[in-house]
């Protein structure tokens, strides 16, 4: 009976892992962009770049000049100063004297029935001059001066409602940073691949575009006002469809964020991100959960069979199981390598296989803690 269960776990794991790696994640890994021009229908439709900022003086001092280097003819920048107690307000006043297209609105308090970032974004969107809204965070930098043009193209030209982009993290020489790089690429594999499969379920607010008119038409964050986080993934989860959503797989359309430098800071951040998944639709929870579930079954069954056949000196069966494990490892390396080059134009971080194995504990332990957490907050 024990041997049967090991083979059963291993077999189920193999099948589901193969579907995810080849059929689903392969859509991103081997994606080929069309040669369609991005300057055909409404190349000069106005865009508002929106940033909600709380005590982000140091980051805004760098970000604002960078935004005005963008090669796009008609855009403005809206900074929502959310209850900042640092020098943010003074900086914005000085910057608005330098950059005429910079605008700001200041929030002095947040109503009790709403969460702070959603309130800040809603206010910013309401007063935005343009219908096309491009969202990012204060600690994010566009990777090229084509960011606005390329990220907004599906919304401006193809009549899409949502345009999903990628935001990576600065590379630093640490074990934590290598894990962050791995987990960021894996997350992108999830939401890009399902969107390419006409089944989108999330996006990241560090690089996300949609129309103001749509946001106002659905009454913004109605139904999720009270939830901390989810201003990006839960909003996309509610309204994105295979017809109204596009992905932008182009290194020039990315942003780069400042990574957390301690495990404590990182875990607090990820707990907030994973907590939002609690409120996804059931089908979307399955999209996320089946991969780590099959991942666990694969390793439990595979390692168990290796021990069983090794102890019993059944070397042919041992070699067959080991061969399947090595084949999956090779496939994981290929998927991550190809996907990373497509998404960010460079090779993936080191320790892919080690991090792939560690993902087992990360998802189930941190995911369970985040699911039950009640102390989630933005800033």
- Message: Which of 226, 54 has the fewest other C-beta atoms within 10 Å, and how do the rest follow up to the most?
- Response: 226, 54
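Based on DSSP, what percent of beta bridges with both residues in the chain are antiparallel, to the nearest 5?
Details: 10 of 35 bridges.
So the antiparallel bridges in the chain amount to around 30 percent.
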- If you line up the long axis of helix 147-157 against the longest principal axis of the chain, both from Cα atoms, how many degrees apart are they, to the nearest 10? 90
- Query: Build a GNM of the chain with springs between Cα atoms under 10 Å: which of 249, 50, 22 gets the top mean-square fluctuation?
  - Reply: 22
- Message: Report the gain in length on full extension from residue 213 to residue 347: 0.36 nm times residue separation, minus Cα-Cα distance, nm rounded to one decimal.
- Response: 44.4 nm
- Task: Would you mind telling me which residue in 65, 100, 251 has the biggest mean-square fluctuation in a Gaussian network model of the chain, where springs connect alpha carbons within a distance under 10 angstrom?
- Result: 100
- Message: Would region 35-272 count as rounded, prolate or oblate if I go by the C-alpha gyration tensor, calling it rounded below 1.5 in a/c and otherwise prolate when a/b exceeds b/c, oblate otherwise?
- Response: rounded
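Quick one: order 75, 330 by neighbouring beta-carbon count within 10 Å, fewest to most. Before the final figure, lay out each step's value.
Values: 75 22, 330 11.
Ascending Cβ contact count within 10 Å gives the list 330, 75.
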- Query: For region 16-120, what is the convex hull (Cα atoms) projected area averaged across all directions, in square nanometres?
  - Reply: 11.3
- Item | Pairwise centroid distance, computed over Cα atoms, of region 215-270 with region 62-96, Å | 21
- What angle do you read, to the nearest 10 degrees and between 0 and 90, between the alpha-carbon axis of helix 175-196 and the longest principal axis of the chain? 80
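Taking the beta-carbon count within 10 Å as an exposure proxy, list 356, 250 from fewest neighbours to most. Walk me through the numbers before you get to the answer.
Details: 356 18, 250 22.
In order of increasing Cβ crowding within 10 Å: 356, 250.
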- Query: Under a GNM of the chain (C-alpha, springs under 10 Å), which listed residue has the highest mean-square fluctuation: 97, 205, 13?
  - Reply: 97
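Each reported figure results from applying straightforward, stated rules to the coordinates on display, with no laboratory input. Since this is a predicted model, take the numbers as computed values, not measurements. Here the Cβ is made from the backbone with ideal geometry for all residues, glycine too, and neighbour counts use every protein chain on show.
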